[in-house]
Amino acid sequence: MPDVWNRVQQLQGKTLQTLRQKKLFDIIEVRADRVIFKPRDGNGTLRWCERESIERLYSLSRATEPLSPSQVQKELPTSRNSSYIAAIIGILRES
């Protein structure tokens, strides 16, 4: 899915917000294998999601309804970034 990853790369340097709580986070860097982001609140710790996960979740999402954080958590049970990942997928669906 190179088209999806090209759209992720266009998010570098942008500020996004989570779907429900509207928490702001910045897309710091998009590498070949992951997207790195930093929540505005908190201690400044960088977080990331792997490319494979973004592309898989994008393909699972429906164009008519946003992917919820609980759906992300179901697919990525060890991730603590489900709200941020759902927001990234939502932005990709809008573009």
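Show which aspartates and glutamates lie in cross-link reach of Lys23 when reach means a straight Cα distance below 12 angstrom and same-chain residues fewer than eight apart are skipped.
Within the straight-line cut-off, Lys23 pairs with Asp41.
Have a look at the chain and give its Rg and Dmax from the Cα atoms, expressed in angstrom.
Rg, Dmax (Cα atoms, Å): 12.0, 35.
Given an 8 Å cut-off on Cα distances and at least 6 residues of separation, report the relative contact order of the chain as a percent. Let's see the in-between values first.
On the way: 133 pairs, mean separation 22.4, N = 95.
Reported relative contact order: 24 percent.
Local charge sum around Ile28 (other residues, Cβ-Cβ under 12 Å, Lys/Arg +1, Asp/Glu -1)?
Spelling it out: positives minus negatives among the neighbours equals +4.
Hey, can you find the accessible area per residue of the chain for me, probe 1.4 Å, expressed in square angstrom? If you can, show how the numbers build up before the last one.
Working: 5800 Å² over 95 residues.
Per residue, the chain has 61 Å² of solvent-accessible surface.
P(r) for segment 14-68: what percent of alpha-carbon pairs falls in each 10 Å bin, starting at zero?
22, 46, 30, 2
Go through 7-16, 84-93 and give me the packing order, highest mean Cβ count within 10 Å leading.
So the peptides 7-16, 84-93, ranked by packing, come out 84-93, 7-16.
In nm, to one decimal, how far is the Asp41 label point from the Lys74 one, both placed 7 Å along Cα→Cβ?
Modelled inter-label distance: 2.7 nm.
The values are calculated or read from the model by the stated rules, or taken from the named source; none is laboratory data. Predicted model, so just to flag it, every value in this text is computed and none were measured. Because the Cβ atoms are built from the backbone with ideal geometry, glycine has one as well, and the counts that use them run over all protein chains shown. We work out accessible area using only protein heavy atoms, side chains counted, and drop any ligands, DNA or RNA first. Shrake-Rupley method; radii C 1.70, N 1.55, O 1.52, S 1.80 Å.
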